[in-house]
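Accompanying notes for the structure given below.
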Amino acid sequence: SRTKRLGMMLNSCSGQNLALIDVKGFDPKDITVTVKDGKVTVSAERKVECDTGVSKTSNYKKFVKEFCLPPGVCDKEVTYSV
C-alpha cells in the first residue's frame, strides 16, 4: 500500500506562513492542533493492529511538534489546514 504524504500548513490571519509540518502516515482525523499561551502544539497518534491468525501485533506511532508563535501573532489568529 502507498503511504500518503500529508503536509499541515499553519498560518496567521495576517497571511504570514508560520510552519509546514510533515504529518505523513497519519490520517487527518488523527491530528490535533492546540494554540494556547503563544504556543502551537501539533500532535498525532495512531494504532495499527495486525492479526495473522497465529499472532496479533499492535504498532503505535506518535508525533508531537511544539513551537512558540512569533511576536505579534495572537493565538486566535492561527489557522491550519491539512
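Here are a few things to note about the model shown:
- The fraction of accessible area contributed by carbon and sulfur in segment 28-75 is 50 percent, rounded to a whole number (1.4 Å probe; ligands and nucleic acids excluded).
- Using bins of 10 Å that start at zero, the share of Cα-Cα pairs per bin across segment 28-75 amounts to 22, 33, 22, 13, 8, 2, in whole %.
The values are calculated or read from the model by the stated rules, or taken from the named source; none is laboratory data. The model shown is predicted, which means the values in this text are computed figures rather than measured ones. With ligands, DNA and RNA removed, areas are computed over all heavy atoms of the protein, side chains included. Shrake-Rupley method; radii C 1.70, N 1.55, O 1.52, S 1.80 Å.
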